[in-house]
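Heads up, the thing below is written out as structure tokens.
Where a number appears in this text, it was derived from the coordinates with a stated rule and is not lab data. Computed from a prediction, not measured in an experiment: that's the story for all the values here. Methodologically, a virtual Cβ is constructed for each residue, glycine included, from the backbone with ideal geometry; neighbour enumeration extends over all protein chains shown.
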């Protein structure tokens, strides 16, 4: 199972510096990605803020989620996601003060869906590092800075 956070999905719909690498990865692997309640508000904001034709792009995304070809909406227990995210924050926030609640929610959702791979371009937060602590492979691979954050947390 593969989980994509909103930064990855957004790069597939709104042209940015990561669009080409996201497209190549998707063509190679052709996954059907989970699309959850967490994605909707973030993707709406990203499209509204950065797309040339936001209404068209947003409606395209909505249709693709509804069609279930590129995405699927897994049944997950949202309270379990929330509780897992709280546990992740409880354990990691003291070391990583910039760890955001929504980032922990995405990692918790990925764990709850059984994801083994976590797709994210958000290398400025601790989300990708947190996914690594949960035994997921992160793509693109961790940056040197993220690896340092991970090493510092284990000492």
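Points worth noting:
- Residue ranges 32-40, 123-131 sort as 123-131, 32-40 when ordered by packing (mean number of other C-beta atoms within 10 Å per residue, highest first).
- Highest-first arrangement of 62-70, 88-96, 105-113, where packing means the average Cβ count within 10 Å: 105-113, 88-96, 62-70
- For region 71-119, the Kirkwood radius over C-alpha pairs fed into Stokes-Einstein at 25 °C and 0.890 mPa s yields D = 218 µm² per second.
- Of every Cα-Cα pair in region 44-110, the percent that sits beyond 21 Å: 49
- Helix-only mean residue ellipticity at 222 nm for the chain, each DSSP H run of n ≥ 4 adding -39500 (n - 2.57), per residue, nearest 500: -17500 deg cm²/dmol
- Gyration tensor verdict on region 82-155 (Cα atoms; rounded if a/c is under 1.5, prolate if a/b is larger than b/c, oblate otherwise): oblate
- Packing rank of 145-152, 12-19, where each peptide gets the mean count of other beta carbons within 10 Å, highest leading: 12-19, 145-152
- Paramagnetic reach from residue 95 (point 7 Å along Cα→Cβ, amide N under 15 Å) across region 124-147: 126-136, 146-147
- Shape call, region 34-83: gyration tensor on alpha carbons, a/c limit 1.5: oblate
- Label positions at residue 144 and residue 72, each projected 7 Å from the Cα along the C-beta direction, are separated by 4.0 nm.
- Angle between the chain longest axis and helix 54-67 axis [Cα atoms, degrees, rounded to 10]: 80
- Using C-alpha pairs under 8 Å with a sequence gap of at least 6, the mean separation divided by the residue count of the chain gives a relative contact order of 26 percent.
- Using the Cα coordinates of the chain, the gyration tensor eigenvalues translate into equivalent-ellipsoid semi-axes of 25, 17, 15 Å, sorted from longest to shortest.
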